[in-house]
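Read through the structure below, which is laid out as structure tokens, and then see the notes.
The values are calculated or read from the model by the stated rules, or taken from the named source; none is laboratory data. On a predicted model such as this, the values are computed, not experimentally measured, just so you know. All Cβ positions, glycine included, derive from the backbone under ideal geometry; neighbour counts span all protein chains shown. Ligands, DNA and RNA are stripped out before the accessible areas are found, and what is left, the full protein with its side chains, is counted by its heavy atoms. Shrake-Rupley method; radii C 1.70, N 1.55, O 1.52, S 1.80 Å.
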Amino acid sequence: MGFADLESVAAAMTAAGKGILAADESSGTIKKRFDKIGLESTAEARRTYREMLFTTPDIAQSISGVIFYDETLRQQTSSGVPFTACLAKLGVVPGIKVDMGAKPLAGFPNETITEGLDGLRERLMEYYKLGARFAKWRAVIDIGAGIPTSYAIHANAHALARYAALCQEQNIVPIVEPEVLMDGGHTLERCEEVTDAVLAEVFHQLAGHRIHLEGMILKPNMVISGKKCPQQASPEQVAAATVRCLRRHVPGAVPGIAFLSGGQSPAEAALHLSLMNAMGGLPWQLTFSYGRALQDAALTAWGGKSANFAAGQQAFAKWARLNALARNGRYQPGMDAQAA
Ligand code: 13P
């Protein structure tokens, strides 16, 4: 098997002026999101919500790919078209979250290891048949007193590389997501130090596992102050530190880097991405693979009510468009207040 398919899918996922919608919330996570709008999380409510997002008019103008969760990959629009077919027809690449979540790492208090390697080859084969052309695996690294340990970084990077190798064997583009959480009270400098260590180990493991770098996407956190840090770095500092850190570790052979939003507000996530793209001269496409930053406004506008279906789509389209502008360094603070 050659790598041509992997490279063309990765190119489509990182196409200029577009980005990826992460709509792969597990049943537990989507329940938390629905709780905020007072909506019970039934299979039909989850289907309706995803239909609202995926059938947004002109979605393909700013969205290149959508990450599904297992349940959603098997669901259909109300008129009976599988979601995957509906998006693929528009040129939006369907992908699938394949990890089974971050579980406590035995012997290492407050650290996690992402599970899901057993049986992964067979699941990837089925997902390919269902239309998925890329996959996602999220490793979680928390910053705190005495953590992360180098062992936890190593174990998570090793699992990410094993996952990526299995994906490429099955002709599926791996999104490799090592997320350094922004939940703590740490400084931007500490985030940079940890992200440095994590990316160094991830690319060491990817090389060891013979990953074809041209056929993968990296999904990292931005280098940012912890949410509880009293000293919040400026957007310019975040952009500079993030690009500096990525340049040190991500080979130019990797076609694209698609950030997670990680708890940033939609406006912050768009501004940071825009400032980085405005720097120019980057060796990779720098794009978005946002969950909350693309969906929060849509979920609130919809509120679980069928009368608000179009309003939810408009809110989603607005943030997709603004982030598409950020892909070209053209998002400016305040644009969200003006945009319809
Ligand atoms: P957020 O953008 O909400 O962090 O989600 C992206 C994602 O896919 C996390 O795995």
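Computed over the Cα atoms of the range 1-158, what is the convex hull's projected area averaged over all directions, in nm²? Let's see the in-between values first.
Details: hull surface 47.7 nm².
That works out to 11.9 nm².
Per the Kirkwood treatment, what hydrodynamic radius in Å, one decimal, follows for the chain from the mean inverse distance over all distinct Cα pairs? Display every interim value, and only then the final one.
On the way: mean 1/r = 0.0501 Å⁻¹.
In the chain this quantity evaluates to 20.0 Å.
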(Q) For LYS219, give me every one of the lysines with a C-alpha distance below 27 angstrom, ignoring sequence neighbours fewer than eight places off in its own chain. (A) LYS18, LYS31, LYS32, LYS36, LYS89, LYS97, LYS103, LYS129, LYS136, LYS227, LYS228, LYS318
Q.
Check which residues have an amide H placed less than 5 Å from ILE113's amide H, if you skip close sequence neighbours.
A. LYS103, LEU105
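Please compute the net charge surrounding TRP302, taking Lys and Arg as +1 and Asp and Glu as -1 over other residues with Cβ under 13 Å from its Cβ. Spell out each step's value before the answer.
Working: positive: ARG33, LYS36, ARG46, ARG50, LYS305; negative: GLU51, ASP296.
In short, +3.
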Q: Within the range 212-302, list the trypsin sites (Lys or Arg not before Pro) lying in a DSSP loop whose Cβ has at most 15 other Cβ atoms in a 10 Å radius.
A: LYS227, LYS228
Q) Out of every Cα pair in the range 252-310, what percent are spaced more than 14 Å from each other? A) 62 percent
Q: Measure off, as a whole percent, the carbon and sulfur share of the 1.4 Å-probe accessible area of the chain, all protein chains present.
A: 53 percent
**Q.** Inverse of mean 1/r across different Cα pairs in the range 108-193, Kirkwood, Å
**A.** 14.1 Å
**Q.** For the range 213-274, convex hull volume per residue from C-alpha positions, Å³
**A.** 86 Å³
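Ranked by accessible surface with a 1.4 Å probe, highest first, in what order do TYR151, TYR290 come? Mind dumping the intermediate values first?
Working: TYR151 110, TYR290 0 Å².
Of TYR151, TYR290, the descending order of accessible area is TYR151, TYR290.
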Q) Non-local amide H neighbours of ALA258 (under 5 Å, H modeled in plane, Pro and chain starts lacking H): which ones? A) LEU218, LYS219, THR287
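Which value, in debye to the nearest 20, gives the size of the charge dipole of the range 199-303 about its Cα centre, when Lys and Arg are +1 and Asp and Glu are -1 at the Cβ?
Details: 8 positive and 5 negative charges, 41 e Å.
Its charge dipole is roughly 200 debye.
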**Q.** Note, ³J(HN,Hα) from phi for the range 190-196, Karplus 6.51, -1.76, 1.60, rounded to Hz, x at Gly and Pro
**A.** 5, 4, 5, 4, 6, 4, 3
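Could you sort TYR163, TYR69 by accessible area so the largest value comes first, with the probe set to 1.4 Å? Can you show the working numbers first?
Details: TYR163 0, TYR69 55 Å².
Descending order: TYR69, TYR163.
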Q. Along the range 224-238, what does the Karplus equation 6.51 cos²θ - 1.76 cosθ + 1.60 (θ = phi - 60°) give for ³J(HN,Hα), rounded to whole Hz, x for Gly and Pro?
A. 8, 5, x, 4, 9, 6, x, 9, 8, 5, 6, x, 5, 5, 4
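How much of the DSSP bridge set in the chain is antiparallel, in percent, rounded to the nearest 5? Don't skip to the end; give the middle numbers.
On the way: 5 of 34 bridges.
That works out to approximately 15 percent antiparallel.
Find the relative contact order for the range 1-133 and round it to a whole percent, using C-alpha pairs within less than 8 Å whose residues are 6+ positions apart. Intermediate values should be presented prior to the final figure.
On the way: 151 pairs, mean separation 30.0, N = 133.
The value is 23 percent.
Based solely on its DSSP helices, what 222 nm [θ] is calculated for the chain when runs of n ≥ 4 H residues each add -39,500 (n - 2.57) and the sum is averaged over all residues, nearest 500 deg cm²/dmol? Present the calculation step by step, with values, prior to reporting the outcome.
Working: 13 runs with 156 residues, N = 340.
It lands at -14000 deg cm²/dmol.
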